[in-house]
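Below is one structure; the comments refer to it alone.
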Amino acid sequence: MNIWEIDNEQRESVGSLEFGDFGLLRGQRTATGFLLRIPVRARFRLTKSGEPLPLLSNIRGDMCTGNNRNDSLEVGTVSARWFHSGAYGTGEFAQDYQLTWIGALEELAAYEKIRAGGPAKFRLTLYGELCYLVGTDLPRYRFRTHPQQLYGNVEVTYDKDTWIRILRELNVSQNVLVEVPVPRTPATDWDDVWNALIEARTYFEQGGKTGWKGCASAVRLALEKWQKLEREDQGLTNWKSPTPAEKEVRTKQQRLDSIRWHLLQFSHLGPHTHAETWSREDAIFLLSTLSCLLSERHGAAD
């Protein structure tokens, strides 16, 4: 249900918050992540002249995945800087607002793994305050009653096309976000590999020329340790490893071209195999490696 029904302390219906696209779902990048504006339509039943006006304020909440409540994962928090009050008259009064979700790109990366190409489904756990504006002898002055705490759960779904548009607005489709799982207690035989991976990550976080070089060296160490555990199977009966002399004369660009060639061979299986043989991890590997190769090529050209 995408509507949060708002009742007063007497359990009388006062109004509601309705969630949907309404053509107003918008997003933008920030210096550290993203900002997503979530449309909401506030409705209040109009009040008879002279009676207290309901006032809704301090809306905030948790953005969770749309799975079963016991299995859902929190992916961010939302808040609103606006307040909404009723009006005098008969019928219903509605106005469009937006909740703001400010988060890190890692939150989107985690959610995209859960979404797995489907529509965007969220469950919002919302909090707010409901009070009343009571008139005084001065026509333009009212006082607020003590607020009543509100709580509710709302399920919101955005179709795939809408969500893809948002990802493009956020510019995250231009960046490939990859989760690197590092088990806390890996198998003993793989300790050296995982330790080298952690060292590479530490160097990468350090950044700068020393950090980049340290990252590359730690990745090399991890691959060498992996090679001792599992030799590469090239799938070619006549293939032989280059001699040490041949390896020494290969340039950085030639090694990158070799990666590109092997990536092409891997992707070549795509049109010739069934869809069931491919996974999200395969797609991430192909897309991220291609993106890195193009970024390396573009940087070298500059």
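The values are calculated or read from the model by the stated rules, or taken from the named source; none is laboratory data. Note that the structure is a prediction, hence the values are computed from the model and not measured. Positions of Cβ are backbone-derived with ideal geometry, glycine not excepted, and every protein chain shown enters the neighbour counts.
When the stretch 111-132 is limited to residues that are aliphatic (A, V, I, L, M) and surrounded by 17 or more Cβ atoms within 10 Å (Cβ to Cβ), the one that is nearest to GLY27 (Cα to Cα) turns out to be ALA120. Based on what the data block shows, is SER267 within 27 Å of ARG115 (Cα to Cα), among the hydroxyl-bearing types (Ser, Thr, Tyr) and either under 33 Å from the mean Cα position of the chain (by Cα) or not assigned by TED's automatic domain parsing to the domain that holds LYS113 (or both)? Taking the combined requirement at face value, the residue satisfies it.
Taken together, GLY33, GLY15, GLY50 contain a single residue that is in the same structural domain as ILE166 (by TED's automatic domain parsing) and within 28 Å of LEU105 (Cα to Cα), which is GLY33. Evaluation of LEU236 against the conditions (1) modelled with pLDDT of 80 or more; (2) assigned to a loop (DSSP other than H, G, I, E, B) shows that the sole unmet condition is (1).
Screening ILE259 against (1) in contact (Cβ under 8 Å) with a residue 12 or more places away in the chain; (2) under 25 Å from ALA109 (Cα atoms) leaves a single unmet condition, (2).
Hey, among the residues in the stretch 1-41 that are over 30 Å from ASN171 (Cα atoms) and free of Cβ contacts under 8 Å to residues at least 60 places away in the same chain, which one's farthest from the chain's Cα centre (by Cα)? Ranking the qualifying residues of the stretch 1-41, first place goes to GLN10. Could you tell me which residue of the stretch 220-240 is nearest to the chain's Cα centre (by Cα), considering only residues that are over 14 Å from HIS262 (Cβ atoms) and loosely packed, with under 10 Cβ neighbours inside 10 Å? Step by step, filter the stretch 220-240, then rank; the result is GLU230.
Pick from THR157, THR162: which is out of contact with any helix residue (DSSP H, G or I) (no Cβ under 7 Å at 6 or more places or on another chain) and part of a strand (DSSP E or B)? Of the residues listed, the single one that is out of contact with any helix residue (DSSP H, G or I) (no Cβ under 7 Å at 6 or more places or on another chain) and part of a strand (DSSP E or B) is THR157.
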